[in-house]
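In what follows, a single structure is set out as structure tokens and then discussed.
The values are calculated or read from the model by the stated rules, or taken from the named source; none is laboratory data. It should be emphasised that the depicted structure is a prediction, and the values quoted were computed from it without experimental measurement. Note that each Cβ is placed from the backbone with ideal geometry, even for glycine, and that neighbours are counted across all protein chains shown.
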Amino acid sequence: MSFGPFLLLALMEGLVTAAVLALTASGLSLVFGIMRVVNVAHGAFFMLGAVIAWFVSEWMPGPPALAFAASLIVSPLIVGAIAAMSDTLVLKRLNYEPEATIVATIGLLYILEQAALSLFGPDARPVPAPFSFRLQLPWFGYSGYKLAVIVAAIVLLLGVWLILKHTKAGLVMRATQIDRDTARAFGINVDRVYAGVFAMGAGLAAIAAVLIVPIQQAHYLMGGDPLLLSFIVVIIGGLGSLRGTLVAALLIGLSDGVISTFFAPTLAKIVATLAVALVLVFRPQGLFGNRTA
Amino acid sequence: MTMGRALSLHLGVLAALLALHFAAPAYHHTNIARIMVLAIYAMGYNIAFGYTGLLSLGHALLFGAGLYGAGLLVYHAGAGAAGAMLAGLLAGGAMALAVGLLALRTSGVAFMIVTLMFAQAGYLTVLYFGAWTRGDEGIVIPQAARAIGSLDLSDDGTRYLVALTLFAAALLGNLALVRSPFGRVMVAMRENEERSRMLGFNPFTVKLAALTVSGLYAGLAGAAYGLMFGYVGASLASVQYSILPLLYVLLGGAGTVLGPFVGALLMFYLIDYASAVTDAHQFVTGAALVLLILFAPKGILGTLRARGARWLP
Amino acid sequence: MAAMSLLEARGLTRHFGGLKAVDGVDFTLEEGEIHALIGPNGAGKTTFVSLLSGRVPAQSGTIRLKGRDITRVPAHARVHAGIAYTFQITQVFAALSVFDNVALAVQSRGGHPIAAETMAALGRVGLAERADQIAGTLSYGHQRVLEIAMGLALQPVLLILDEPTQGLSDGEIATFKEIVRSVVPKTTVLLIEHNMDVVMGLADRITVLNFGTVLATGTPEAIRADRAVQAAYLGG
């Protein structure tokens, strides 16, 4: 295959990465934007989403599409519930103090990873895709499912945007983001809003994992890369800016796809990691965020 | 002043450890040697975090600098253990200085993320240059290199005493530091940076100095760990080894001199016993972090100090 | 030519978004004087002294200390140049002992030996017996005195006091006035005050700020007689 089509393939792979990354990162961005919490366990929520999808596919009889549909609903709900519980039991009690919160989420990460290791095991296990039809392009065949993932991610992100901008729940969330104390004075139950936001952030990561797991496999350590990439996206895009997150996800997803195809993935990760550090040092507001973040 | 009581306590701990050398069975002997080296690492972390208020999530980079600084010198250049340990010490300090120059331009959450990122980049670099570092597989330090003069570091007894010597130096150095004028400035910077600034102290240089000293400790610990226990591998520079000193310090008491050792001792054995009972020892680490930060953020010695033992340094 | 003033600020400006906190202020401090800065709340007094001490960087204008341009010098370096600032809201190191608080100032100045000089500084303000007490457990009045002691221990050429007598009892205010009178003329004192008795009793000269600009400068008598000042601030 000549260079042109090869590049096209890399870009399409990059788009899939970007789609899933956008979903995952938006969860992280939401939590940081509204709660000012850096959730180091975000990758663990992602991993749990995939692991639950595997369990569902094992236990649910019938065609894989059925199990997949069930996972899309069950997974984010369970992961969201775990997140809400963590928030209420732990994070709230710490008063969301930044350093304490990070230490607590590190602890949560260890606990969740251990749970997955104990219940799911150390091996990587595949989850069947709901359907498998191939789109035949002139130069190569491409998985129709992957294209469906891109579409699904766009739909879900649109949904998130709609919720934030056009529903009462979204209004409440945005109000709490702007001024927690004033929101409380207006009768908004900030504790419940925070639990809900934390759950929503985790749920988004879980759904992203359900979408990607038929392509990758489920593994108890699979949360590491999405966590790092989400961090990169959210920081470069600007903490608290959903639009920045989306643009950065596109940028990074595409470049990750291209770089990983042409260079060693480890080198790509080194560059990406250093990029995050240097952006934070020299331009902490990222591309779209405001200085106050 | 209260220096007398504090010094006696610390010398007492060292004496007890010396006594253990003769009394402890072989299994615990090696464990305590390991714990002492890890405690040096944790003390270094404490200087940055407990005393100066710099919550770094990237100390594995400094530990790893010492580890690989010493390990690579021995493996590729045939250096002796003493020289390698010195190199590791300096490598840790130099790395801390380099990272600090950049990372200290940020603070709080950003600082945590930046240090985490630098450490991750370091870990990945070790993997990337696997041809030299043998990556995940690691380097087994040749027997011949594990000797300082006539002291064979692979011998349990010798190793314990060498570890104790290093630990004693680190402990007493730490005590001297925190009681010194500079130690006072470190604490002031943690307590109220604005006030410290308006008293004439440059926050950047104070923090950089504290971080560099922290790096020297971490580098020494990394070098000693590799040379004494004969293995230099990427896993020892992974994010796990950035979390461990934080955990030890939190448990033992941040901002106390003996806290890191107490935390290392307890946590080591806690995980040890948990591993014997179940495979789920990561759970212990995670639960410990959550419970500590929720209910006992001052740690054991920190809580003791707050409850009356004000003289505890 | 007249002797050089201790401090000269020209055209000092600092805005916060749309708010003109300090707007083109010219200000001169003579060596050895006690100079009071008064004005209604929000007049820009704290911002102004923050510009002088370096806590907040100026957006335009110059500051000269004994002829040397310190406009771009960072706050901690200005302390070494001789400017000490005490906070409006007490900022002692609450978790440290009284001794440690003042020792830090002595250390910063390079005083030797630290212990002796610290005890001497504490003695001058009457806090020597409380040296081992934890600063956070002091009464409010004593904390204010500690705050001043820290400033004095720096042996500054210019001591800036931001509302030092707020919340103090009459007896404590009397003590405060004595301390201030004892440090001039070696140290020049600039104080922000709302307590008119203190101002009239201590100040050699007064500057009135309003809306970020200087309304008037002069002796206490002149200020008291000034119509504009009366209208804006003193209440007729």
Self-check item: Selection count, the range B:286-313, where residues are closer than 19 Å to B:Phe49 by Cα and in contact with a Phe, Trp or Tyr (Cβ under 8 Å, 6 or more places away or on another chain)
Solution: 1
Practice problem: Would you check if B:Tyr269 is buried (at least 24 other Cβ atoms within 10 Å of the Cβ) and touching a residue at least 24 places away in the same chain (Cβ under 8 Å)? | Solution: no
Practice problem: Output yes when any residue across the range A:153-160 is β-branched (Val, Ile, Thr), surrounded by 15 or more Cβ atoms within 10 Å (Cβ to Cβ) and within 20 Å of the chain's Cα centre (by Cα), and no when none is. | Solution: yes
Quiz item: Given the structure, is A:Trp54 away from every other protein chain (no Cβ under 14 Å), touching a residue at least 12 places away in the same chain (Cβ under 8 Å), more than 28 Å from B:Ser242 (Cβ to Cβ) and of a type in the set (Phe, Trp, Tyr)?
Solution: yes
Quiz prompt | Where a residue in the range A:91-110 is within 21 Å of A:Phe46 (Cβ to Cβ) and more than 7 Å from chain B (Cβ to nearest Cβ) and its partner, wherever it lies, is of a type outside the set (A, V, I, L, M, F, W, C) and not in a helix (DSSP H, G or I), with Cβ under 7 Å and at least six apart | solution = A:Thr105/A:Asn39
Self-check item: The one condition in (1) within 13 Å of another protein chain (Cβ to nearest Cβ); (2) free of Cβ contacts under 8 Å to residues at least 12 places away in the same chain; (3) surrounded by fewer than 17 Cβ atoms within 10 Å (Cβ to Cβ); (4) more than 21 Å from B:Glu194 (Cα to Cα) that C:Asp170 fails to fulfil
Solution: (1)
Quiz item: Tell me, which residue of the range B:200-234 that is touching a helix residue (DSSP H, G or I) at 6+ places or on another chain (Cβ under 8 Å) and among the hydroxyl-bearing types (Ser, Thr, Tyr) is surrounded by the fewest Cβ atoms within 10 Å (Cβ to Cβ)?
Solution: B:Thr212
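Limited to the range C:70-79, what total is found for residues that are free of Cβ contacts under 8 Å to residues at least 24 places away in the same chain and either facing chain B (nearest Cβ under 9 Å) or assigned to a helix (DSSP H, G or I) (or both)?
We begin by selecting, within the range C:70-79, every residue free of Cβ contacts under 8 Å to residues at least 24 places away in the same chain; these are C:70-77.
Narrowing the set further to residues that are either facing chain B (nearest Cβ under 9 Å) or assigned to a helix (DSSP H, G or I) (or both) leaves C:74-77.
Number satisfying all stated conditions: 4.
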Exercise. From (1) away from chain B (no Cβ under 14 Å); (2) surrounded by 14 or more Cβ atoms within 10 Å (Cβ to Cβ), pick out the condition that doesn't hold for A:Gln114.
Key: (1)
Quiz prompt | Within the range B:181-216, considering residues that are within 30 Å of C:Ile89 (Cβ to Cβ) and of a type in the set (Ser, Thr, Tyr), the one farthest from the other protein chains (Cβ to nearest Cβ) | solution = B:Thr205
Quiz item: How about the range B:203-241: which of its residues are at pLDDT 95 or above and among the polar types (S, T, N, Q)?
Solution: B:Thr205, B:Thr212, B:Ser214
Exercise. Kindly list the number of the only condition in (1) buried (at least 17 other Cβ atoms within 10 Å of the Cβ); (2) assigned to a helix (DSSP H, G or I); (3) away from chain B (no Cβ under 12 Å); (4) at pLDDT below 85 that fails for A:Val247.
Key: (4)
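Can you pull out the residues in the range C:87-100 that are within 23 Å of B:Arg310 (Cα to Cα) and out of contact with any Ser or Thr (no Cβ under 9 Å at 6 or more places or on another chain)?
Of everything in the range C:87-100, those that are within 23 Å of B:Arg310 (Cα to Cα) and out of contact with any Ser or Thr (no Cβ under 9 Å at 6 or more places or on another chain) turn out to be C:Gln91, C:Val92, C:Ala95, C:Leu96, C:Ser97, C:Val98.
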Exercise. Scan the range B:255-313 residue by residue and report those that are among the hydroxyl-bearing types (Ser, Thr, Tyr) and under 29 Å from A:Leu119 (Cβ atoms).
Key: B:Tyr269, B:Tyr273, B:Ser275, B:Thr278, B:Thr285
Quiz item: Restricting attention to the range C:80-132, and to residues there that are more than 30 Å from C:Ile70 (Cβ to Cβ) and at the interface with chain B (Cβ under 10 Å from one of its Cβ atoms), which single residue is surrounded by the fewest Cβ atoms within 10 Å (Cβ to Cβ)?
Solution: C:Asp132
Self-check item: Within the range C:18-69, considering residues that are at pLDDT below 90 and assigned to a loop (DSSP other than H, G, I, E, B), the one farthest from C:Gly201 (Cα to Cα)
Solution: C:Gly18
Practice problem: Kindly provide the set of residues from the range B:93-118 that are buried (at least 24 other Cβ atoms within 10 Å of the Cβ) and either polar (S, T, N, Q) or free of Cβ contacts under 8 Å to residues at least 12 places away in the same chain (or both), ordered by number. | Solution: B:Thr115
Exercise. Please indicate, with yes or no, whether at least one residue in the range C:141-156 is charged (D, E, K, R) and either out of contact with any strand residue (DSSP E or B) (no Cβ under 7 Å at 6 or more places or on another chain) or part of a helix (DSSP H, G or I) (or both).
Key: yes
Exercise. Taking B:Ala287 as the residue in question, decide whether it is over 30 Å from C:Ala81 (Cβ atoms), surrounded by 21 or more Cβ atoms within 10 Å (Cβ to Cβ) and small (Gly, Ala, Ser).
Key: no
Quiz item: Which condition does B:Ala131 not pass, out of (1) crowded, with 16+ Cβ neighbours inside 10 Å; (2) more than 9 Å from every other protein chain (Cβ to nearest Cβ); (3) free of Cβ contacts under 8 Å to residues at least 60 places away in the same chain, if it passes all the others?
Solution: (1)
Quiz item: Given C:Lys177, C:Lys186, which one is part of a helix (DSSP H, G or I), of a type in the set (Lys, Arg) and within 18 Å of the chain's Cα centre (by Cα)?
Solution: C:Lys177
Quiz item: When you scan the range B:217-313 for helices (runs of 4 or more DSSP H) that lie fully inside it, which ones turn up with 2 or more residues that are small (Gly, Ala, Ser) and within 11 Å of another protein chain (Cβ to nearest Cβ)?
Solution: B:281-295
Quiz prompt | Among (1) part of a helix (DSSP H, G or I); (2) within 24 Å of C:Ile89 (Cα to Cα); (3) of a type in the set (S, T, N, Q), the one test that C:Gln230 misses | solution = (2)
Quiz item: Quick check, is B:Leu90 surrounded by fewer than 19 Cβ atoms within 10 Å (Cβ to Cβ), closer than 22 Å to B:Tyr123 by Cα and touching a residue at least 40 places away in the same chain (Cβ under 8 Å)?
Solution: yes
Exercise. Filter the range A:31-42 down to the residues that are part of a helix (DSSP H, G or I) and in contact with a Phe, Trp or Tyr (Cβ under 9 Å, 6 or more places away or on another chain), then identify the one that is farthest from A:Gln114 (Cα to Cα).
Key: A:Ile34
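So which of A:Thr24, A:Thr17 is among the β-branched types (Val, Ile, Thr), in contact with a Pro (Cβ under 8 Å, 6 or more places away or on another chain) and part of a helix (DSSP H, G or I)? Spell out the reasoning first.
On the way: A:Thr17 fails: in contact with a Pro (Cβ under 8 Å, 6 or more places away or on another chain).
Result: A:Thr24 is the single residue among A:Thr24, A:Thr17 that is among the β-branched types (Val, Ile, Thr), in contact with a Pro (Cβ under 8 Å, 6 or more places away or on another chain) and part of a helix (DSSP H, G or I).
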Self-check item: Every pair of residues 6+ apart whose Cβ atoms lie under 8 Å, when the first sits in the range B:9-25 and is assigned to a loop (DSSP other than H, G, I, E, B) while the second is at pLDDT 90 or above
Solution: B:Ala24/B:Ile32
